[in-house]
Structures are given as structure tokens and as C-alpha cells.
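Trainee: Encoded as C-alpha cells, here's the structure I'll be asking about.
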Amino acid sequence: MARFDEFDHCVIKVNDLLLAEHFYSVVLGEILGGCEITQKSNMTTNDLVLSNKQAAKRAALDGREHSVSSSHGGVKFGEALIPLFLNQDHIQEPAPEQLLGSPRLALPVTPEQMEKAVEVLRRNRVPFMGPVEYAPPCPAERSIYFKDPSSNFLELSVPRKEA
């Protein structure tokens, strides 16, 4: 099993927290194994707007800049956390057929997980490209490219064994 404690966290903006948590925990969780949904903010949009207004007033009184908070949840694979933050503004999504782009979250997988990924993505009707084979000296032997429900680019990659 590939290790996912090689980074602390990676924040991903999403359009729908429940759909994103389902995708990451069920679809990626089946491929990668061992996924848990982290505690999430249960604020309504109105609560969030009010909270941000109050925080902005407090920041102004204190003479500091205010950063907008967002409803969020997250998933965890081993020790690696992927916080999922609800987009505050509309983000133009790439074309549905565009499966490779950046920024992109690339995760290492074993050859067995790569085979499983093809099966799981097909079963869940997630469009994907690959596996794409790469010749040395590329650090990846092969990769598969796809998007989450919010059109964030993802890659699963089998690292090349060092000689």
C-alpha cells in the first residue's frame, strides 16, 4: 500500500461539500483505502455571512486585516489531510472533456491500486484518461488523470522504482 503521510495537507476548493466528501471518501477511498471524513463546519450560508461580517468588524476595531472564513469539511488518508473548502465565488470550470490540467493533486499509488482505479472510476462513471505510460527518466511509470465533481484535476501515479 502506498503511503500518504508524505505531505501534511492540501486544500481543495469545491462547489458542494457533501458531493466532494462522497467522492473523496467513497471513490478515492476504495482505491487508496483507509479514508475517514473529518469534522466539518455545519454553518448555514446565512450563519457564515453573519460570522464573516462580525469578524470583519472585530478586525477593523483591532486595526487588522480580516480574512474570510468558509464552510469546510475534509477527508484524511492515513496522516495526510485534504481539507475541502466551499467556493465563495463562482469558479469557471474547465471543459468536461478536459481531464488533464493544473493545478493538479497527484497521489502515488501501487500498481495494484492503479488497476483498481480503472475499475472503480469506470464503475462510478468518472471520466478518466490513461493509464498513460512514461519512459525513463520520468519519475512516474504511469499515471491516470481525472477530475473530482468540482472539476479539480487529480492524478494517480505509480512511481518509477529506482535502479
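The values are calculated or read from the model by the stated rules, or taken from the named source; none is laboratory data. None of the values given here were measured: they were computed from a predicted structure. Heads up, the Cβs are rebuilt from the backbone with ideal geometry, glycines too, and the neighbour counts pull from every protein chain shown.
Trainee: Being closer than 15 Å to LEU32 by Cα, surrounded by 16 or more Cβ atoms within 10 Å (Cβ to Cβ) and within 16 Å of the chain's Cα centre (by Cα): is that true of LEU99 here? Break it down into steps so the answer makes sense when it comes.
Mentor: Values: closer than 15 Å to LEU32 by Cα: no; surrounded by 16 or more Cβ atoms within 10 Å (Cβ to Cβ): yes; within 16 Å of the chain's Cα centre (by Cα): yes.
In short, no.
Trainee: Report every pair of residues separated by at least 6 positions or lying on different chains whose Cβ atoms are under 7 Å apart, first residue within segment 77-103 and charged (D, E, K, R), second in a loop (DSSP other than H, G, I, E, B).
Mentor: Going by the 7 Å Cβ cut-off, the qualifying pairs are GLU79/ASP5; GLU93/SER151.
Trainee: Here's something else I'd like to know. Scan segment 120-131 and report the pairs whose first residue is under 16 Å from GLN98 (Cα atoms) and whose second residue is of a type in the set (S, T, N, Q), with Cβ atoms within less than 7 Å and a gap of 6+ or a chain change.
Mentor: GLY130/SER143; PRO131/SER143
Trainee: Kindly establish whether SER150 is closer than 21 Å to GLY33 by Cβ and either of a type in the set (Phe, Trp, Tyr) or surrounded by 14 or more Cβ atoms within 10 Å (Cβ to Cβ) (or both). So that I can check it myself, show each step before the final result.
Mentor: On the way: closer than 21 Å to GLY33 by Cβ: no; either of a type in the set (Phe, Trp, Tyr) or surrounded by 14 or more Cβ atoms within 10 Å (Cβ to Cβ) (or both): yes.
Against the criterion (closer than 21 Å to GLY33 by Cβ and either of a type in the set (Phe, Trp, Tyr) or surrounded by 14 or more Cβ atoms within 10 Å (Cβ to Cβ) (or both)), SER150 does not qualify.
Trainee: Restricting attention to segment 122-146, report how many residues are under 16 Å from ARG104 (Cβ atoms) and touching a strand residue (DSSP E or B) at 6+ places or on another chain (Cβ under 6 Å).
Mentor: Keep residues of segment 122-146 that are under 16 Å from ARG104 (Cβ atoms), which gives 126-132, 134, 138-140, 142-146.
Keeping just the survivors that are touching a strand residue (DSSP E or B) at 6+ places or on another chain (Cβ under 6 Å) gives 126, 128-132, 134, 140, 142-146.
So the count comes out to 13.
Trainee: Turning to a different aspect of this structure: Starting from residues that are modelled with pLDDT of 75 or more and in a loop (DSSP other than H, G, I, E, B), keep the ones in segment 56-78 and report whichever is farthest from GLU36 (Cα to Cα).
Mentor: Across segment 56-78, the extreme among qualifying residues is GLY63.
Table: residues versus (1) surrounded by 14 or more Cβ atoms within 10 Å (Cβ to Cβ); (2) modelled with pLDDT of 85 or more; (3) under 21 Å from PHE153 (Cα atoms); (4) of a type in the set (D, E, K, R).
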| site | (1), (2), (3), (4) |
| --- | --- |
| GLU6 | no, no, yes, yes |
| CYS10 | no, no, yes, no |
| HIS22 | yes, yes, yes, no |
| VAL27 | yes, yes, yes, no |
| GLU30 | yes, yes, yes, yes |
| MET43 | yes, no, no, no |
| ASN46 | no, no, no, no |
| VAL49 | no, no, no, no |
| ASN52 | yes, no, no, no |
